[in-house]
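Engineer: Quick one: the structure is below, and I'll ask about it shortly.
Taken together, the values in this text are just the output of simple stated rules run on the coordinates, not laboratory data. Because the structure is predicted, anything quoted here is derived from the model rather than measured. Don't worry about glycine lacking a Cβ; one is built from the backbone with ideal geometry, like all the others, and counts go over all protein chains shown.
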Amino acid sequence: MAAAVVLRCISSTKERTWKICSKQIKEQRARLYIIWKCAVFLLSSSHD
């Protein structure tokens, strides 16, 4: 998912488009971070 956004950004040369892509990449990273933290929490709580 994030790779597709990055590839779209690389193929584009317009600065405005790059800003949009940059925003999308940041949003993807935030989603992945949240998913990662949830997974870590679930795995650590299941051992109790």
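Engineer: Please give the peptides 34-45, 18-29 ranked by average Cβ packing (other Cβ atoms within 10 Å per residue), highest first, as a rough proxy for protection.
Structural biologist: So the order, starting with the most tightly packed, is 18-29, 34-45.
Engineer: Give a residue-ordered list of calculated ³J(HN,Hα) values for region 30-44 (Karplus: 6.51 cos²θ - 1.76 cosθ + 1.60, θ = phi - 60°; whole Hz; x for Gly, Pro).
Structural biologist: Going residue by residue, I get 5, 4, 4, 5, 5, 4, 4, 5, 5, 4, 4, 4, 5, 5, 6 Hz, with x marking Gly and Pro.
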